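Bear in mind that the values in this text are calculations on the coordinates, not laboratory data. This structure is a prediction, so every number in the text was calculated from the model and none was measured. Quick reminder, even Gly has a Cβ in these numbers, built from the backbone with ideal geometry, and neighbours come from all protein chains shown.
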Amino acid sequence: MSRVQTVKAYLQFRWNALVCFAVFILVFAAVFFLYDLPWEPLWYGALLCLWIGSIFIVLDLLAFSRRRRVLQALKKSIAQALPDLPRPQGLLEGDYQELLRLLSEEKRREALAAEQRRRDLVEYYTLWAHQIKTPIAAMRLVLQAQDDEDSRELLLELFKIEQYVEMVLQYLRVESPVTDLVLKRHSLDAIVRQAVQRYASLFIRQQIRLDYQELDCEVLTDEKWLVFVIGQVLSNALKYTKAGTISIYLEDRKRKILAIEDTGIGIAPEDLPRVFEPGFTGYTGRLEKKATGIGLYLCRKVLDKLSHTIAIESEVGKGTKVTIGLDTVDVFDSYQNVRLGGEV
């Protein structure tokens, strides 16, 4: 806060006292005038009071400025908890500070209750996601034993269920304040092939051609999370590509920009700025009735945590290209393994 602003704030704070002082001077002047008293004592007394008052005003202004700086500094820590406030100057200011303490205590209790509710919800859905895998695995074994057209169709639907269950787990993990990251150097080819293998049956079933070019580079990333992101992008490409090709290649080898391009139905230009918003499906999602609006949101959240980038280019009727920037700043060069946080 500048000195001019401080002085203006002080004058606004003390205006009643200053006005009162001026009124007293006017009262004395009126009395001297009505009684026809000599003006010299009045001016002498007024100048003396003004000089003494100026000293007190300057000292009070300095104290006001110091107190203002202390309160400004407390703004940085008040979001976490109510810090020790300066000693109140008067009963009214003490009452205000007591109100702040009561509000802070109430906020803390509500935050603890909300955190407990969030933990209970996370534990429930995590348990559900793990337990649902058992009947899914049992159904997969039964369907694989039958090996007919109907069972193969059901296996594909079962695979989609598995992907949605996996999305629930990843959503819980990425929204957790402590996310487990294992940053290491990995072959990008190995990571992309893991994701492609997961969706191989859908490529075959939908007769979509895969144009995969050798990537031949290493990236500093978390293997599990990057496989999940690439899998989500491939899932979207397969979902909205009726026929044609899905291409995977390095758009920029130096900057390690991975491109995944399809020949699907594309995304409307007015929807492109919002595709990473949670729950947003856009015109394409409403048309196909298949979108959840969560996949790309999770991709953006995960890549932000990994210091990667993601961008989408699309044209309706011609396809979509997703580019993932993997040129992370190598701040962990001297480490083989960096673990942050805990597992959900």
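Data overview
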quantity: Listed residues Tyr10, Ser307, Ile248: farthest to the positive end of the dipole of the chain (Cβ charges); calculated: Tyr10
quantity: Largest-first principal axis extents of the Cα set of segment 1-66 (Å); calculated: 49, 18, 15
quantity: Potential extension, Tyr35-Tyr125 segment - 0.36 nm per residue separation minus Cα distance; calculated: 23.5 nm
quantity: Gain upon complete extension [Leu11, Phe280; 0.36 nm per residue less C-alpha separation]; calculated: 91.7 nm
quantity: Computed Rg/Rh of the chain, alpha carbon atoms with Kirkwood Rh; calculated: 1.29
quantity: Cβ-based net charge around Glu153, under 14 Å, with every Lys or Arg adding one and every Asp or Glu removing one; calculated: -1
quantity: Relative contact order for the chain, counting Cα pairs under 8 Å that sit 6 or more residues apart, in percent; calculated: 14
quantity: Environment charge at Glu313 (Cβ cut-off 10 Å; Lys +1, Arg +1, Asp -1, Glu -1); calculated: -1
quantity: Highest average packing first - 128-138, 185-195, Cβ atoms within 10 Å; calculated: 185-195, 128-138
quantity: Nearest-20 debye value, the chain charge dipole, Cβ charges on Lys, Arg, Asp, Glu; calculated: 700
quantity: Cut-off 14 Å between beta-carbons: net charge of the residues surrounding Glu115, Lys and Arg +1, Asp and Glu -1; calculated: +2
quantity: Extension gain, Ala311 back to Ala114 (0.36 nm per residue minus Cα-Cα distance, nm); calculated: 67.5 nm
quantity: Cα gyration tensor shape for segment 93-147, rounded if a/c is under 1.5, else prolate or oblate; calculated: prolate
quantity: Helix 223-239 axis, angle to the chain major axis (alpha carbon atoms, nearest 10°); calculated: 70
quantity: Cα centroid separation, segment 7-72 to segment 84-124 (Å); calculated: 40
